[in-house]
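The values are calculated or read from the model by the stated rules, or taken from the named source; none is laboratory data. Predicted model only: the values in this text are computed from it and were never measured. FYI the Cβ positions are ideal-geometry reconstructions off the backbone, even for glycines, and counts take in every protein chain you see.
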Amino acid sequence: MSNPGDADATPLTSVRQMAEYLAAGCKPSARFRIGTEHEKFGFRHTDLSPPPYLPADGQPGSIRDLLGGLARFGGERILDGENTIGLKQDGASVSLEPAGQLELSGAPVETLHETQAELEAHFDQVRAVCRTLDMGFAPLGFHPLKTRAEMPWMPKGRYAIMRRYMPTVGNLGLDMMTRTCTVQVNLDFESEADMRRKIRVSLLLQSLATALFANSPFTEGKPNGFLSYRAHVWTDTDNQRSGIPPVMLEDGFGFERHAQWLIEHVPMYFVYRDGGYIDVAGKSFADFMAGRVPELAGVTATLGDFADHVTTAFTDVRLKRYLEMRGADAGRADMMVAQSALWVGLLYDPAALAAAEALLRDATWDDAVTARSAVPRQGLAAPWRGGTLRDILPDVLAIARDGLRARARRNAAGEDETIYLDPLREIAAGGPTQAEYWLGRLQKAWGGDVRRIFHEAAI
C-alpha cells in the first residue's frame with residue numbers, strides 16, 4: 001500500500017490512465033532489480049505465545065518494543081495514527097502483518113549475493129533486539145500452535161476493515177491474515193510483452209514453488225494432513241481477488257486488461273482520506289469512479305486510490321509496477337534466498353525465459369488450477385499434465401541454473417548465483433521439503449511435541 005502522505009492525488013478519468021500507471025514500471029533490463037520480502041512469527045520464550053502490540057500481562061516482549069529496538073539501527077518510523085507500525089530503512093522497510101508477523105521488504109538490489117547479505121543483516125538486528133525482550137522469531141508458513149482466537153491484532157486501520165469483511169467472502173481469510181507467513185520475490189519487466197511472458201511462466205509454475213517451499217504441516221499443535229496449509233488457506237480466502245484469474249493467461253493480456261479486471265472484478269476495501277480509512281469493503285471501484293458509492297459521495301477517485309486498490313488483489317502472481325511471486329511459505333534463510341534464485345534464474349535471462357516458455361508451451365489455465373488445488377496436500381506429487389510436479393522439477397531447475405550462470409554475478413569468493421539453488425537441488429535429488437523434515441522431527445526427535453519447532457526454526 002502506498003504511504004498515505006505519498007498518495008498521488010491525480011483524478012482518475014480512464015482505464016487507460018490506470019494502465020499507464022502500471023506501465024510506468026517498465027524499465028530496460030540493465031536496471032532490473034531483485035526485491036525479496038519475507039515474514040516470520042514472533043514468540044515469547046516463556047510460553048511461546050505471540051507477542052501483542054503493547055506490553056501486557058506483566059511479561060516482557062511486545063511488538064512496539066521490538067520496533068523501538070530496531071529503530072536504534074536507523075530508519076524512519078512509519079505511523080498509523082499515533083502507533084509505530086513499521087520502519088523505513090535505506091530502501092528497505094520493516095512492517096507488520098495483522099497478527100504482528102514481522103516483515104522485511106528488502107531494498108531493490110542487483111544480485112542475489114546482496115539479497116543474502118541483506119537477509120543476514122536483518123536477522124542480526126532482530127536477534128540483537130530479541131535478546132533484550134526474551135522473545136524470538138520463526139519463519140514458518142502457518143502458525144503451528146495457536147488458534148485464530150489466540151492471535152493478537154495490530155493497530156492498523158486497513159486491517160480492521162479486512163477483519164470485518166473477510167468472514168463474508170470466505171472461511172479462512174482471518175487465518176490468512178493472522179496465522180500465515182510467506183516469502184516472495186519482486187521482479188521487473190521491460191515492456192508489456194515481457195510482462196506477459198513472465199506472468200504466464202510464473203503463474204503456471206507457482207504451484208511448483210508452493211511444493212518446493214512447503215513449510216506448514218502443523219495446526220494447533222498437531223499434523224494437519226497438509227504440506228502447505230498456508231496454500232490451502234488461500235483456496236478459501238476472498239476468491240474474487242485471489243488465485244489465478246483466467247484473464248491473466250489469456251492471449252493479449254496486458255496493462256489495460258489488468259486494470260479493467262481490477263476495477264470491475266476486485267471489490268474495494270477502503271479509501272484513505274484526512275488521516276483515516278473509509279470502510280467501503282465490497283463496493284465496486286468502477287462505481288467509485290462514477291460517483292455511485294454513497295459512502296464516498298463527493299470524494300474524487302485518484303491515482304493514489306488505484307495504487308492502493310492494486311495492493312488488495314491477492315493473485316498468486318501479483319502485477320503492480322513489478323511482479324510479485326506469492327506462492328511460497330516462509331522458511332529457512334537459505335530457502336528464502338533459494339526462492340528468489342529460482343525466479344531470477346527463470347525470468348531474468350532471455351534464453352532461460354524462452355526455455356521455460358518452451359517447457360510450458362501447451363500448458364493451460366486448467367493445468368494450473370488443477371495443480372493449485374492439489375499441491376497443499378500432495379506437494380511435489382500433485383498432478384501436472386499427466387504426470388506430477390516432481391516430473392518437471394529437474395528441467396525447471398536446470399533452466400534456472402543456466403539463467404543464473406548466464407548472469408555471471410559473482411561474490412567475493414568468485415561464486416556465481418547458482419549456489420543459492422543448492423537447497424532445491426537437494427530436494428530434486430530426493431531430499432525432504434521443509435514440511436517433510438518437520439514431520440520427521442515430530443516422529444523421531446520431539447516425542448510428538450510440536451512446540452519444539454519454534455526453537456529449531458528460530459532465526
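The conditions of being among the acidic types (Asp, Glu), crowded, with 16+ Cβ neighbours inside 10 Å, over 19 Å from the mean Cα position of the chain (by Cα) and under 18 Å from Ala193 (Cα atoms) are met by Glu256. Among the residues making up region 287-303, a single one is loosely packed, with under 15 Cβ neighbours inside 10 Å, over 18 Å from Ala7 (Cα atoms) and in contact (Cβ under 8 Å) with a residue 12 or more places away in the chain: Glu295.
The single condition from (1) touching a Phe, Trp or Tyr at 6+ places or on another chain (Cβ under 8 Å); (2) of a type in the set (Ser, Thr, Tyr); (3) farther than 22 Å from Ala328 by Cβ that Thr147 fails is (1). Please work out if Ala107 is within 16 Å of the chain's Cα centre (by Cα) and aliphatic (A, V, I, L, M). Judged against the criteria, Ala107 is a match. Checked against (1) out of contact with any strand residue (DSSP E or B) (no Cβ under 8 Å at 6 or more places or on another chain); (2) aliphatic (A, V, I, L, M); (3) surrounded by fewer than 20 Cβ atoms within 10 Å (Cβ to Cβ); (4) farther than 30 Å from Gln206 by Cα, Ala307 meets all criteria but (4).
In region 260-282, is there at least one residue being among the polar types (S, T, N, Q), surrounded by fewer than 22 Cβ atoms within 10 Å (Cβ to Cβ) and either under 30 Å from Asp349 (Cβ atoms) or modelled with pLDDT of 95 or more (or both)? Yes, that holds for at least one residue. For region 171-193, a tally of residues being out of contact with any strand residue (DSSP E or B) (no Cβ under 7 Å at 6 or more places or on another chain) and either crowded, with 20+ Cβ neighbours inside 10 Å or without any contact (Cβ under 8 Å) to a residue 40 or more places away in the chain (or both) returns 9. Within region 53-100, the set of residues being small (Gly, Ala, Ser), closer than 20 Å to Arg163 by Cα, assigned to a loop (DSSP other than H, G, I, E, B) and modelled with pLDDT of 95 or more comprises Ala99, Gly100.
With the structure loaded, tell me whether Ala281 is of a type outside the set (S, T, N, Q), more than 24 Å from Ile199 (Cβ to Cβ) and more than 23 Å from the chain's Cα centre (by Cα) or whether it fails that test. Spelling it out, it is not the case that Ala281 is of a type outside the set (S, T, N, Q), more than 24 Å from Ile199 (Cβ to Cβ) and more than 23 Å from the chain's Cα centre (by Cα).
The sole residue among Met325, Met335 that is crowded, with 21+ Cβ neighbours inside 10 Å and in contact with a strand residue (DSSP E or B) (Cβ under 6 Å, 6 or more places away or on another chain) is Met325. Being farther than 20 Å from Ala374 by Cβ and part of a loop (DSSP other than H, G, I, E, B), is that true of even one residue in region 239-249? The answer is yes, given that some residue of region 239-249 is farther than 20 Å from Ala374 by Cβ and part of a loop (DSSP other than H, G, I, E, B). Taking residues in region 125-138 that are without any contact (Cβ under 8 Å) to a residue 60 or more places away in the chain, and partners anywhere that are part of a helix (DSSP H, G or I) and of a type outside the set (Lys, Arg), the pairs with Cβ atoms closer than 8 Å and at least 6 places apart or on different chains are Gln125/Leu70; Ala128/Gly69.
Within region 366-396, being in contact with a helix residue (DSSP H, G or I) (Cβ under 6 Å, 6 or more places away or on another chain) and among the hydrophobic types (A, V, I, L, M, F, W, C) holds for Ala368, Ala371, Val375, Leu380, Ala382, Trp384, Leu389, Leu393. Looking across region 60-96, the residues that are of a type in the set (S, T, N, Q) and in contact (Cβ under 8 Å) with a residue 60 or more places away in the chain come down to Ser62, Asn83. When Glu39, Glu110 are checked against the criterion of being modelled with pLDDT of 95 or more, in contact with a strand residue (DSSP E or B) (Cβ under 8 Å, 6 or more places away or on another chain), among the acidic types (Asp, Glu) and over 20 Å from Pro144 (Cα atoms), Glu110 stands alone in meeting it.
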